[in-house]
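Take a look at the structure below.
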Amino acid sequence: MYRYLYLSDVSPEFEPYQMGLLAQRARKKNEGLAITGLLLFDGLYFCQYLEGPKGDVLQLMRVIERDSRHRNLRRLGEGLSTRPRRLPNNGLFVGYSTDATFLPGVVATASGMNEAVERIWNALPQLDVEQSADWNKRE
Ligand SMILES: Cc1cc2nc3c(=O)[nH]c(=O)nc-3n(C[C@H](O)[C@H](O)[C@H](O)COP(=O)(O)O)c2cc1C
């Protein structure tokens, strides 16, 4: 299982109402690829965590990197992990953060991907994340 975490700047042209379409298409594609993801958005930043087969994750990242809806993608970490998926169902969970300091703060203060991911998971109950499953309560 390969994991990837990044932070990017939302493009000025991107409007929040476009999240629904982005998420719907991405979710469908991730399901076909056995990729699970969490996409957080606060209006200024995207922060995305992806997990799945290494080749698929890296190939998807090459597509995502070129997407003009964001820019300045900063890789916060990537690597193989032996632990089970954090997200139980294939697809894409989307969360809105209304705390403008949260996403940049995670990045500024976490030392490495594991800590950043822990911080994000601990904060999920405070974020407005789609609750289509009780996935965020699992380890
Ligand atoms: C911040 C961000 C996150 C994205 N996450 C995903 C994703 O998890 N899966 C995905 O397939 N596409 C994702 N996309 C969209 C891809 O860049 C690309 O538009 C899409 O995969 C192409 O889908 P299509 O083959 O249906 O045109 C994301 C785009 C952005 C801007």
Output for the stretch 1-27, where each listed residue is surrounded by fewer than 14 Cβ atoms within 10 Å (Cβ to Cβ) and either free of Cβ contacts under 8 Å to residues at least 12 places away in the same chain or in a strand (DSSP E or B) (or both): 12, 15, 17, 20, 21, 24, 25
Which listed residue is near the ligand (Cβ under 10 Å from one of its atoms), buried (at least 17 other Cβ atoms within 10 Å of the Cβ) and of a type outside the set (Val, Ile, Thr), from 76, 103, 60: 60
Residue 86 within 16 Å of the ligand (Cβ to nearest atom) and at pLDDT 95 or above: no
Scan of the stretch 1-45 for residues that are under 19 Å from residue 129 (Cα atoms) and among the aromatic types (Phe, Trp, Tyr), ordered by number: 6, 17, 41, 45
Residues that are surrounded by fewer than 22 Cβ atoms within 10 Å (Cβ to Cβ) and farther than 9 Å from residue 92 by Cβ, drawn from the stretch 29-40: 32, 33, 34
Residue 57 being touching a residue at least 12 places away in the same chain (Cβ under 8 Å) and assigned to a strand (DSSP E or B): no
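Within the stretch 28-49, how many residues are within 8 Å of the ligand (Cβ to nearest atom) and either closer than 22 Å to residue 121 by Cα or part of a strand (DSSP E or B) (or both)?
7
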Any chance residue 91 is at pLDDT 90 or above and among the small types (Gly, Ala, Ser): no
Check on residue 52, under 15 Å from the mean Cα position of the chain (by Cα), among the small types (Gly, Ala, Ser), over 20 Å from residue 107 (Cα atoms) and more than 8 Å from the ligand (Cβ to nearest atom): yes
Which numbered condition residue 67 fails, given (1) modelled with pLDDT under 95; (2) of a type in the set (Asp, Glu); (3) part of a loop (DSSP other than H, G, I, E, B): (1)
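The values are calculated or read from the model by the stated rules, or taken from the named source; none is laboratory data. Every value quoted in this text rests on a predicted model; they were computed, and no experiment measured them. Using ideal geometry, Cβ is built from the backbone for each residue, glycine included, and neighbour counts are taken over all protein chains shown.
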